[in-house]
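Heads up, the thing below is written out as structure tokens.
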Amino acid sequence: MNEFDPVDERLVRILGASRAPAEPAVLARARARLTGTARLPRPIAWLGTPAALVTACALFVAVAGVSVAIVRTESATTPDATLVSALIGDDGSYGLPTASGTASTATGYSDTGTVTP
Amino acid sequence: MEEQLAETDERQLIARLRAREPEALGEVFQRLGGPMTTLASSMLRDRDEANDVVEDALLRVHRAAPGFRGERGLRTWVLRIVANLCRDRLRRRKFIAPTPEGEDPFEHAGLSFDPVPDWDAEMDQRVLAAVVERAMERLPEEQREVLVLRHRLGLSHAEMMETLNVPEGTVKSRLARALAALREQVGEIGI
């Protein structure tokens, strides 16, 4: 029994008459790529694998997590450790003379704190 | 007897592929290079891109071979790899440029036409074949795929199920729709 009507049968026969020949150069290129990959040192070749990508992502997440944890611990132990306090120093002098006379000017004179009317 | 020999032969080839013997890949290409290129050319309609896909498929075969147990059959496994690579390319490409008017659709796709023996029709089969190729270009990817697997590469329904990973009913209905669509397109182009 015929599977198709006459029109379809002709279409199918014509359809089946077309082919694409295999080109030997394709196999040569594939082999060259394989030997090229095989020649790479194993750690370098591993870098090109999906496992390397997963490992890199995992490392990134781990390092980011540890960094956040360290910053949080630091800020908890020194609550007033801000950028401003770090810039002005511990005595809060802003580089100006203080009553204790510890700060000095660039000229070497010190302020006694005495007010002359 | 011949079938048994072929089966043993294929099993041995699969074992050599799994062992990653370098010559085994050459034998795969010798046996299946034609069908692989025909499928890729028919789907992508571009000779160079089809060759790139076949090259990539060979590399995938080599890399995936240790995990291939062979219960599916070498031909369907390899053609499935080619079909998947073609789908990836087509997805990225979004559309297929039709063969420009006046240009040979076979040349454009990298296909060659062997005249059909005992052709009784009055119409020049080469002209009809060119019309069929232009009609194929217009079909959706899914329909083109089943027509090529069935009528160009001669896969059985069971082999198509394995290649496309769909149930038999889907294969049959897809084939019927594809043939109807091809007939319609050929009628539209006019012969």
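The values are calculated or read from the model by the stated rules, or taken from the named source; none is laboratory data. Note that the coordinates shown come from a computational prediction; the quantities given were computed from them, not determined experimentally. No Cβ is skipped: glycine too gets one built from the backbone with ideal geometry, and neighbour counts run over all protein chains shown. Protein only, heavy atoms only, side chains kept; ligands, DNA and RNA dropped before computing areas. Shrake-Rupley method; radii C 1.70, N 1.55, O 1.52, S 1.80 Å.
Just wondering, is there one or more residues in segment B:94-101 that are open to solvent by 10 Å² or more (accessible area, probe 1.4 Å), free of Cβ contacts under 8 Å to residues at least 24 places away in the same chain and at positive phi?
Yes, segment B:94-101 contains at least one residue that is open to solvent by 10 Å² or more (accessible area, probe 1.4 Å), free of Cβ contacts under 8 Å to residues at least 24 places away in the same chain and at positive phi.
Among the residues of segment A:9-28, write down those that are farther than 19 Å from B:E55 by Cβ and within 7 Å of chain B (Cβ to nearest Cβ).
Residues satisfying the conditions are A:R10, A:L11, A:V12, A:R13, A:I14, A:L15, A:G16, A:A17, A:S18.
Here is a list: B:L85, B:L79, B:L58. Which entry is in contact (Cβ under 8 Å) with a residue 60 or more places away in the chain and crowded, with 21+ Cβ neighbours inside 10 Å?
B:L79
Hey, B:G169 hits all of (1) at pLDDT below 90; (2) farther than 22 Å from B:L44 by Cα; (3) exposed (fewer than 14 other Cβ atoms within 10 Å of the Cβ) but one; which does it fall short on?
(1)
Looking at the structure I just gave you, is B:G67 without any contact (Cβ under 8 Å) to a residue 12 or more places away in the chain and more than 19 Å from A:R31 (Cβ to Cβ)?
So B:G67 fits the description; yes.
Identify, by number, the condition in (1) open to solvent by 10 Å² or more (accessible area, probe 1.4 Å); (2) of a type outside the set (A, V, I, L, M, F, W, C); (3) within 10 Å of another protein chain (Cβ to nearest Cβ); (4) in contact (Cβ under 8 Å) with a residue 24 or more places away in the chain that B:E133 doesn't meet.
(1)
Would you confirm whether or not segment B:30-43 contains a residue that is open to solvent by less than 10 Å² (accessible area, probe 1.4 Å) and farther than 24 Å from B:R87 by Cα?
No, segment B:30-43 contains no residue that is open to solvent by less than 10 Å² (accessible area, probe 1.4 Å) and farther than 24 Å from B:R87 by Cα.
Looking at this structure, is B:D56 assigned to a helix (DSSP H, G or I), within 22 Å of B:M136 (Cα to Cα), modelled with pLDDT of 95 or more and over 14 Å from the mean Cα position of the chain (by Cα)? First the steps, then the outcome.
Numbers: assigned to a helix (DSSP H, G or I): yes; within 22 Å of B:M136 (Cα to Cα): no; modelled with pLDDT of 95 or more: yes; over 14 Å from the mean Cα position of the chain (by Cα): yes.
No.
Suppose we filter B:R31, B:R72, B:R93 for residues that are more than 14 Å from chain A (Cβ to nearest Cβ), over 27 Å from B:A135 (Cβ atoms) and among the basic types (K, R); which single one remains?
So the residue among B:R31, B:R72, B:R93 that is more than 14 Å from chain A (Cβ to nearest Cβ), over 27 Å from B:A135 (Cβ atoms) and among the basic types (K, R) is B:R72.
B:E103 - would you say it is touching a helix residue (DSSP H, G or I) at 6+ places or on another chain (Cβ under 6 Å) and either more than 14 Å from every other protein chain (Cβ to nearest Cβ) or modelled with pLDDT of 90 or more (or both)?
Numbers: touching a helix residue (DSSP H, G or I) at 6+ places or on another chain (Cβ under 6 Å): no; either more than 14 Å from every other protein chain (Cβ to nearest Cβ) or modelled with pLDDT of 90 or more (or both): yes.
Here the answer is no, as B:E103 does not meet what is asked.
Here are the criteria: (1) more than 8 Å from chain A (Cβ to nearest Cβ); (2) touching a Lys or Arg at 6+ places or on another chain (Cβ under 8 Å); (3) open to solvent by less than 60 Å² (accessible area, probe 1.4 Å). Tell me which single one B:L128 does not satisfy.
(1)
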